[in-house]
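Heads up, the thing below is written out as structure tokens.
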Amino acid sequence: MALLPILEFPDPRLRTKAAPVTVFDTELEQLVSNMFETMYEAPGVGLAATQVDVHRQVLVMDMSEERSESHVLINPRILEKSGEQVYQEGCLSFPGIYADVERALRVKVAAQRVDGTPFELDVEGPLAVCIQHEMDHLVGKVFVDYLSPLKRSLLLKRMEKKRRQSA
Ligand code: GNR
Ligand code: NI
């Protein structure tokens with residue numbers, strides 16, 4: 001197991017589009033296990049491979065208090081989405097900033113397990129927010145992209161200021 005360094009905005013590698021996983025081998029198992037370790041240690045509720053500079057369609061999540069409901073989604077695809085919700089999001093690639101983002105309330109996703117077995121997941125509420133946030137990372141999108149230019153520049157300046165203060 002190993003902790004992986006997390007890319008932080010404005011690293012251009014966060015804009016990379018991840019390629020589908022085609023080989024389900026021990027290297028993939030290792031990546032998933034390292035991503036869980038990195039996410040739990042951060043701590044975060046989700047992590048996309050993009051954030052650890054691996055550009056494959058892999059994401060991990062655990063939104064439970066007990067950190068006991070882990071999910072791994074390989075090659076996720078949204079089959080259906082409905083409704084809307086506004087949720088205050090944060091991101092490990094944007095330390096210290098939070099903003100309300102509107103997303104679908106419910107999503108039905110098709111994905112594969114770490115061994116390649118296909119499955120479907122139908123979720124709503126916070127877990128649906130997390131899946132959409134992580135799937136965005138896999139196409140090079142980040143939560144601040146949804147904000148107005150004014151709000152975005154305000155928050156990014158705030159993040160820079162914090163970064164300078166802690167440096
Ligand atoms: O840890 C995280 N918390 C979070 C809170 C609200 C909405 C989304 C998230 S995901 C984030 C971890 C992360 O950056 N995943 O990409
Ligand atoms: Ni994120």
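Rounded, prolate or oblate: which fits the stretch 41-131, taking a ≥ b ≥ c as square roots of the Cα gyration tensor eigenvalues, rounded meaning a/c under 1.5, else prolate when a/b beats b/c?
The shape class here is oblate.
Counting other Cβ atoms within 10 Å, keep those with at most 12, restrict to DSSP loop, and tell me which GluC sites (Glu not before Pro) in the stretch 51-111 are left.
Answer in residue order: E65, E66, E69, E84.
Quick one: grab the alpha carbon gyration tensor of the stretch 1-63, order the square roots of its eigenvalues as a ≥ b ≥ c, and give me rounded if a/c is under 1.5, else prolate or oblate depending on whether a/b is larger than b/c.
In terms of gyration-tensor shape, oblate.
Which value in deg cm²/dmol, rounded to the nearest 500, describes the helix-derived mean residue ellipticity at 222 nm for the chain, given -39,500 (n - 2.57) per DSSP H run of n ≥ 4 and division by the residue count?
Roughly -9500 deg cm²/dmol at 222 nm, from the helical runs in the chain.
Using a 1.4 angstrom probe on the protein heavy atoms only, could you order S64, S153 from most to least accessible area?
Descending accessible area places them as S153, S64.
Step by step: find N for the stretch 27-72, compute 2.2 N^0.38 Å, then divide the Cα radius of gyration by it. What's the final number?
Computed over Cα atoms of the stretch 27-72, the ratio equals 1.05.
Charges at C-beta only: +1 for Lys and Arg, -1 for Asp and Glu. How large is the resulting dipole of the stretch 36-121 about its Cα centre, in Debye rounded to 20?
It comes to approximately 380 debye.
Distance cut-off 26 Å, Cα to Cα: go down the list K17/K161; K141/K161; K141/K162; K81/K141; K81/K161; K17/K162 and report the pairs above it.
K17/K161; K81/K161; K17/K162
Grab the alpha carbons of the chain, take their convex hull, and tell me the volume per residue in Å³.
Convex hull of Cα atoms, per residue: 114 Å³.
Springs between alpha-carbon atoms under 10 Å, Gaussian network over the chain: tell me which of L150, L121, L79 tops the mean-square fluctuations.
Taking springs between Cα atoms under 10 Å, the residue moving most is L150.
Over the chain, with a Gaussian network built from C-alpha contacts below 10 Å, which listed residue (D62, D122, D145) shows the highest mean-square fluctuation?
D145
What are the semi-axes of the equivalent ellipsoid of the stretch 91-167, taken as the square roots of 5 times the eigenvalues of the Cα gyration tensor, listed largest first and rounded to whole Å?
Computed over the stretch 91-167, the values are 30, 15, 10 Å.
The values are calculated or read from the model by the stated rules, or taken from the named source; none is laboratory data. Quick caveat, the model's predicted, so the values are computed rather than measured. A quick note on method: Cβ atoms are made from the backbone with ideal geometry, for glycine too, and the neighbour counts reach across all protein chains shown. These accessible areas exclude ligands, DNA and RNA; they are computed on the full protein's heavy atoms, side chains included. Shrake-Rupley method; radii C 1.70, N 1.55, O 1.52, S 1.80 Å.
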